[in-house]
């Protein structure tokens with residue numbers, strides 16, 4: 001993630017979608033990244049027919065453009081502040097607590 005990037009939560013609601021359709025949507029977002037947006041995590045919430053993605057990008061407009069290019073229209077894009085590390089630590093490394 002570049003220093004100027006912000007982390008965003010992208011909410012995509014697709015009523016009537018099953019897990020496989022939402023998984024395909026996440027894959028399309030990943031394929032559309034093109035270096036400016038990096039998909040950090042995708043979570044499917046089957047009970048809500050939704051896909052939630054954490055992405056790193058320079059701006060909300062870049063996130064929206066990337067998602068639309070992927071055919072995954074975002075219903076909401078919000079700045080997110082993760083409380084835990086987004087990437088797994090190497091085995092044996094700990095936070096000192």
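The values are calculated or read from the model by the stated rules, or taken from the named source; none is laboratory data. Since the model is a prediction, treat every value here as computed from it, not as a measurement. For neighbour counting, all protein chains shown are included, and Cβ atoms are generated from backbone atoms with ideal geometry for every residue, glycine included.
Please find, among 38, 21, 28, the residue that is farther than 25 Å from residue 83 by Cβ and within 12 Å of the chain's Cα centre (by Cα).
28
Can you name the strands (runs of 3 or more DSSP E) wholly within the chain that have at least 1 residues being modelled with pLDDT of 90 or more and either loosely packed, with under 13 Cβ neighbours inside 10 Å or at positive phi (or both)?
Ranges flagged: 38-45, 76-79.
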